[in-house]
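Working notes, beginning with the structure itself.
The values are calculated or read from the model by the stated rules, or taken from the named source; none is laboratory data. Here the structure is a predicted model, which is why all the values come from computation and not from measurement. All Cβ positions, glycine included, derive from the backbone under ideal geometry; neighbour counts span all protein chains shown. We work out accessible area using only protein heavy atoms, side chains counted, and drop any ligands, DNA or RNA first. Shrake-Rupley method; radii C 1.70, N 1.55, O 1.52, S 1.80 Å.
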Amino acid sequence: MSSVNKVILIGHAGDAPKIRDLGQTKSANLSLATSESYTNRNGERVETTEWHNVQLWGKLADVAEKYIVKGTMLYIEGKLKTEKYNDAQGVEKFYTRIVADRLQLLSKKAAGADMNDDDLPE
């Protein structure tokens, strides 16, 4: 049986994406905030925010560069990717990000933009 590595997020961009031009392609990195609220045992309303690191490649990075600003509401589909590295003190650390393969801009100013790697124009 095969396994599944699929992430679906709806949230707000924490800032404009950081774009890197790698010659024949581009990469865009951005933070995405997802929030939930609930009532705790004391009857108080509590809101929690989770921050996600998202990476977009190629044409999705082009779209991100052109349309995403701080606060833009986004729908992201992709997969989790975790990398291991050693910090300055030699301590092993892990970094997890979402590598997106689908992006939909949900903010009104970007309405109608629903794109993934397969159906973007050349």
Exercise for review: Within the range 1-36, count every residue that is among the small types (Gly, Ala, Ser) and open to solvent by less than 50 Å² (accessible area, probe 1.4 Å).
Suggested key: 8
**Study point:** Filter pass, Lys84 being of a type in the set (D, E, K, R), over 16 Å from Ile10 (Cβ atoms) and either buried (at least 17 other Cβ atoms within 10 Å of the Cβ) or in contact (Cβ under 8 Å) with a residue 40 or more places away in the chain (or both)
**Key:** no
Exercise for review: Answer yes or no: is there a residue in the range 60-71 that is assigned to a loop (DSSP other than H, G, I, E, B), open to solvent by 30 Å² or more (accessible area, probe 1.4 Å), in contact (Cβ under 8 Å) with a residue 40 or more places away in the chain and not charged (D, E, K, R).
Suggested key: yes
Revision key, fill the gap. Residue hits (the range 15-39; part of a loop (DSSP other than H, G, I, E, B) and within 10 Å of the chain's Cα centre (by Cα)) are Pro17
Check your understanding: Quick one: would you say Leu80 is part of a strand (DSSP E or B), at pLDDT 95 or above and not acidic (Asp, Glu)?
Key -> yes
